[in-house]
Amino acid sequence: MYDPRYSYDNGSKANQIRFWKVEANYVVGKLMGDLLQFVD
């Protein structure tokens, strides 16, 4: 179920949501922008 790219270090849930460490800046920026528009 989980993508192995996000399961680094000890595989904790906190580390799995730190996707910005492995994703491109464009992907992280797009996601953050979309989330802010969704909340607004």
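Here, each number is a calculation from the coordinates, and none is a lab measurement. Predicted model, so just to flag it, every value in this text is computed and none were measured. Neighbour counts are summed over all protein chains in view; Cβ atoms, including those assigned to glycine, are modelled from backbone coordinates with ideal geometry.
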Rounded to 10°, Cα long-axis angle of helix 25-39 versus longest principal axis of the chain: 60 degrees
I'd like the FRET efficiency for GLN37 and SER12, computed as 1/(1 + (r/R0)^6) with the beta carbon distance as r and R0 of 30 Å, rounded to 0.05. 0.50
Could you work out the pair-distance distribution P(r) of the chain from its alpha-carbon pairs, with 5 angstrom bin width and percents rounded to whole numbers? 5, 23, 24, 19, 19, 8, 2, 0
